[in-house]
1. Here's a check for you: in the range 1-44, which residue that is of a type in the set (Val, Ile, Thr) and within 12 Å of Thr66 (Cβ to Cβ) is surrounded by the most Cβ atoms within 10 Å (Cβ to Cβ)?
2. Assess whether Thr66 counts as being closer than 21 Å to Pro106 by Cα, out of contact with any helix residue (DSSP H, G or I) (no Cβ under 7 Å at 6 or more places or on another chain) and polar (S, T, N, Q).
3. Within the range 77-113, which residues are out of contact with any Gly (no Cβ under 6 Å at 6 or more places or on another chain), in a helix (DSSP H, G or I) and either hydrophobic (A, V, I, L, M, F, W, C) or at pLDDT below 95 (or both)?
4. If we keep just the residues of the range 59-75 that are assigned to a helix (DSSP H, G or I) and in contact (Cβ under 8 Å) with a residue 40 or more places away in the chain, which is surrounded by the fewest Cβ atoms within 10 Å (Cβ to Cβ)?
5. Do we have any residue at all in the range 34-47 that's at pLDDT 95 or above and under 19 Å from Pro106 (Cα atoms)?
Amino acid sequence: MRVAVTSQNFRTITGHAGKTRRFIIYEADEFGQPREVERLDLPKEMSMHVWPGGPHPIDVVDVLVTAGCGEGFVRKMAARNIRVIRTSETDPVAAAWAVFAGEPLPPPDAAAH
């Protein structure tokens, strides 16, 4: 399983997933611990907000963790077979750890979109 987190600064989980162009991608190592395997730093025209459709680099993940997004983004990701988890967790590694362990993440802040 691959887990991506939205991270415009490559340090914390950020919101506005539809406009995000930076993602950290994790896989679980042999002990179930998150291991960063890739960073996506996409041009503006590749944000999901403006992407016209077709194959996309984010298609390599199974789960996407973000601080906030709208229902349209969730539907777009579901059409790509990517499950979206919204959370108030700010640490990308902690979020990936929780996903790999099957543990719930704290719910998102109401202001995050």
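The values are calculated or read from the model by the stated rules, or taken from the named source; none is laboratory data. All figures in this text were calculated on a predicted structure; none of them were measured in a lab. Because the Cβ atoms are built from the backbone with ideal geometry, glycine has one as well, and the counts that use them run over all protein chains shown.
1. Residues of the range 1-44 of a type in the set (Val, Ile, Thr): 3, 5-6, 12-14, 20, 24-25, 37.
Narrowing the set further to residues that are within 12 Å of Thr66 (Cβ to Cβ) leaves 3, 5-6, 12-14, 20, 24.
Working: Val3: 26, Val5: 34, Thr6: 27, Thr12: 14, Ile13: 28, Thr14: 21, Thr20: 25, Ile24: 23.
Across the range 1-44, the extreme among qualifying residues is Val5.
2. Yes, satisfied.
3. Met77, Ala78, Ala79, Val93, Ala94, Ala95, Ala96, Trp97, Ala98, Val99, Ala101 - these are the residues of the range 77-113 that are out of contact with any Gly (no Cβ under 6 Å at 6 or more places or on another chain), in a helix (DSSP H, G or I) and either hydrophobic (A, V, I, L, M, F, W, C) or at pLDDT below 95 (or both).
4. So, considering only residues that are assigned to a helix (DSSP H, G or I) and in contact (Cβ under 8 Å) with a residue 40 or more places away in the chain, the one surrounded by the fewest Cβ atoms within 10 Å (Cβ to Cβ) is Gly72.
5. yes
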